[in-house]
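Coordinate-derived values only; no laboratory data. Since the model is a prediction, treat every value here as computed from it, not as a measurement. Every residue, glycine among them, receives a Cβ derived from its backbone with ideal geometry; neighbour counts consider all protein chains shown.
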Amino acid sequence: MDAISPLSAAQLLDAAPGLAALLADAVAGGASLGFLAPFGQDEALEWWRGRATAVADGRLAVWAARDAEGVTGTVSLAREEKANGRHRAEVVKLMVHRRARGRGLGRRLLEAVERAAADGGATLLLLDTETGSPAEHLYRSAGWTPYGVVPGHATDPAGVPRPTTFFFKSPGAAARGA
């Protein structure tokens, strides 16, 4: 089973090559993560290395899942910096490598980030995903509530505008296993 662990800034930099391979795989597989194809390992590595400062100063938390072959998945939690929004956070960049799909890893990553958010005092979580994607099914089945769809909000890696579904969830007792 894939081991999931939070990463410090130094651990993120150490894991960056594996995280970059995961990100490049996700984009190549059509995941709408904010990047356009072609998107390679070098660009992905630079992007991940650029997250280390946010992890170091607490604005971003990153988890990585690994098996014997390397990084299989990741999820991040972006904390709100505005004073009137510190009760909320955004779940971002949930990815599972194509070789590791179908094993429940996406759900386990989502549960880990929800639990950590609740333990950290977040009372509201937000996320968005491409409408009709496998990720949308995951979020709905995990109890997330859709609150709107914006047509043409983001493009897929080929540059085609796609609708985005926005979700919220109160992590509360459910995220802590109660």
Quiz prompt | Cα-based shape type of the stretch 3-175, given that a ≥ b ≥ c are square roots of the gyration tensor eigenvalues and the cut on a/c is 1.5 | solution = rounded
Self-check item: GNM top mover of Val96, Val149, Val71 - the chain, alpha-carbon springs below 10 Å
Solution: Val149
Exercise. Find how much the distance from Leu124 to His87 grows on full extension, using 0.36 nm per residue of separation minus their present alpha carbon separation; answer in nm with one decimal.
Key: 12.7 nm
Practice problem: Could you calculate the FRET efficiency of Asp14 with Ala37 from 1/(1 + (r/R0)^6), where r is the beta carbon distance between them and R0 is 22 Å, rounded to 0.05? | Solution: 0.20
Quiz item: Can you give me the Cα centroid spacing of the stretch 94-173 and the stretch 54-76 in angstrom?
Solution: 16
Quiz item: Of the residues Ser76, Ser32, Ser133, which exhibits the maximal mean-square fluctuation in a Gaussian network model of the chain defined by a 10 Å Cα contact cut-off?
Solution: Ser133
Quiz prompt | Span-rule helices in the chain, defined as complete DSSP H runs reaching 20 Å or more along the axis (Cα) with Kyte mean at least 0.5 | solution = 9-28
Practice problem: Report the residue, chosen from Arg99, Arg59, Arg49, that carries the largest GNM mean-square fluctuation when the chain is represented by alpha-carbon nodes joined by springs under 10 Å. | Solution: Arg99
Practice problem: Per DSSP H run of at least 4 residues, take -39500 (n - 2.57); add these up for the chain, divide by its residues and hand me the 222 nm value, nearest 500 deg cm²/dmol. | Solution: -10000 deg cm²/dmol
Practice problem: Kindly state, to the nearest 0.05, the FRET efficiency for Arg59 paired with Arg115, given R0 = 25 Å and r defined as their beta-carbon distance. | Solution: 0.80
